[in-house]
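The values are calculated or read from the model by the stated rules, or taken from the named source; none is laboratory data. Not measured: the values here are computed from a predicted model. Here Cβ is always computed from backbone atoms with ideal geometry, including for glycine, and neighbour counts include all displayed protein chains. Areas reflect the complete protein model, heavy atoms only, side chains present, ligands, DNA and RNA absent. Shrake-Rupley method; radii C 1.70, N 1.55, O 1.52, S 1.80 Å.
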Amino acid sequence: MSFASRILCVVDPQSQAQPALQRAGWLARKMDATIELVICDYNDYLVAHPLFGEQLLERAREKMLSADRERLEYLAEPFRKEGLRVETDAIWDHPIHEGVIRRACRSNVDMVLKDTSNHSIFNLSSLSNTEWNLIRSCPVPLWLVKPRHMSGELRVIAAIDPMHSHDKPAALDDAILRISNSVAEAVGGEVHAFHSYDPRLIASLATLNAYVAASMRITDVAQEIEQQHRHRFQEIIESHNISSGRAHMVAGFVHRELPALASNIDAFLVVMGSVNRNPLKQLFIGSSAERTLDRLPCDLMVIKPDGYKTPVDLNIEDAA
């Protein structure tokens with residue numbers, strides 16, 4: 001049984017290209033899943049205006065949402081004709097990431113798909129505030145889509161942290177590998193496991209050695225650190241039947257090494273975990289997922305630990 005039987009696909013009402021919609025259809029065929037197409041719309045001018053009464057503003061909001069629903073029905077029709085189950089709705093909610101999360105929870109979906117924002121100057125997909133906040137707050141697996149055609153060998157990279165050096169619980173690595181295997185099985189692909197460890201630790205020890213422990217051999221320390229990481233990495237990949245030929249452990253920064261591996265093996269998806277941290281720390285450094293997304297040549301799925309509770313207020317009702 002597929003891990004995703006119901007997929008929420010976020011449609012951008014301002015864009016003609018809809019990579020997430022195409023990916024949702026592709027996944028629905030592979031997983032026999034139902035697609036829920038949703039536009040989350042909002043306009044400050046239609047909330048309150050000194051020249052217009054509430055009834056007039058309400059009619060204007062409903063007219064905008066009706067146009068959104070008509071567009072969604074138009075987008076859904078080709079998928080329905082081929083036998084896919086597609087539901088549509090437009091909601092009035094703000095900010096977008098909160099509206100999407102509220103809808104995902106109310107619809108009890110297994111996964112949320114969304115395009116990454118496109119910057120046409122560089123022809124690259126870049127992280128927007130909405131995606132930053134979805135990465136941090138979405139309680140269900142979040143699949144961020146970059147425009148590319150699915151063909152050839154489909155490789156999924158499971159990016160794990162077996163030493164839990166980024167405050168990630170051990171169970172999250174198992175969830176990353178389990179979901180990666182489920183996706184790969186559904187699409188006829190294969191899973192590669194990835195782990196990188198921070199080389200700054202060795203540099204710090206080198207400084208310590210120079211001033212405090214001159215007799216300490218840094219090469220021995222570096223080897224010990226590498227062996228500890230490799231041992232934990234080997235344990236978890238063996239428990240998930242990942243062969244040595246599909247296991248990649250390197251010393252380096254994840255936001256550099258992971259995109260490089262994705263390019264080298266032509267991966268179509270990277271699966272990684274995200275945990276909430278101190279908001280001030282997030283403001284300055286973000287998470288590994290956030291810093292990695294812009295550099296990835298492929299899609300990214302971000303998952304949360306079991307028991308994660310979103311900070312988004314789920315009790316607010318939209319106007320639709």
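Among what's in the stretch 251-273 and is open to solvent by 50 Å² or more (accessible area, probe 1.4 Å) and touching a residue at least 12 places away in the same chain (Cβ under 8 Å), pick the residue that is farthest from R291 (Cα to Cα).
First, pick out the residues of the stretch 251-273 that are open to solvent by 50 Å² or more (accessible area, probe 1.4 Å): 251, 253, 256-257, 263-264, 266.
Remaining after also requiring touching a residue at least 12 places away in the same chain (Cβ under 8 Å): 251, 253, 256-257, 263, 266.
Values: A251: 18, F253: 11, R256: 9, E257: 12, S263: 17, D266: 20 Å.
Ranking the qualifying residues of the stretch 251-273, first place goes to D266.
Within the stretch 232-248, residues that are more than 10 Å from V191 (Cβ to Cβ) sit with their Cβ atoms under 6 Å from residues that are among the acidic types (D, E) and surrounded by 12 or more Cβ atoms within 10 Å (Cβ to Cβ), at 6+ positions apart or across chains, in these pairs: I236/D173.
Yes/no per residue for (1) charged (D, E, K, R); (2) over 19 Å from S128 (Cβ atoms); (3) in a loop (DSSP other than H, G, I, E, B):
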| site | (1), (2), (3) |
| --- | --- |
| L56 | no, yes, no |
| A60 | no, yes, no |
| D68 | yes, yes, no |
| G83 | no, yes, yes |
| D89 | yes, yes, no |
| E98 | yes, no, no |
| R106 | yes, yes, no |
| V112 | no, no, no |
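Yes/no matrix, rows are residues, columns are (1) aliphatic (A, V, I, L, M); (2) under 19 Å from I7 (Cα atoms); (3) modelled with pLDDT of 95 or more; (4) surrounded by fewer than 20 Cβ atoms within 10 Å (Cβ to Cβ):
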| position | (1), (2), (3), (4) |
| --- | --- |
| V100 | yes, yes, yes, no |
| M111 | yes, yes, yes, no |
| L124 | yes, no, no, yes |
| N129 | no, no, no, yes |
| I135 | yes, yes, no, no |
| P141 | no, yes, yes, no |
| M163 | yes, no, no, yes |
| H166 | no, no, no, yes |
| L172 | yes, no, no, no |
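A count restricted to the stretch 300-310 and to residues that are surrounded by fewer than 13 Cβ atoms within 10 Å (Cβ to Cβ) and in contact (Cβ under 8 Å) with a residue 24 or more places away in the chain stands at 2. What residue, among those in the stretch 273-286 that are under 14 Å from I160 (Cα atoms) and out of contact with any Leu (no Cβ under 7 Å at 6 or more places or on another chain), is modelled with the lowest pLDDT? Looking at the filtered set, the residue picked out is V275.
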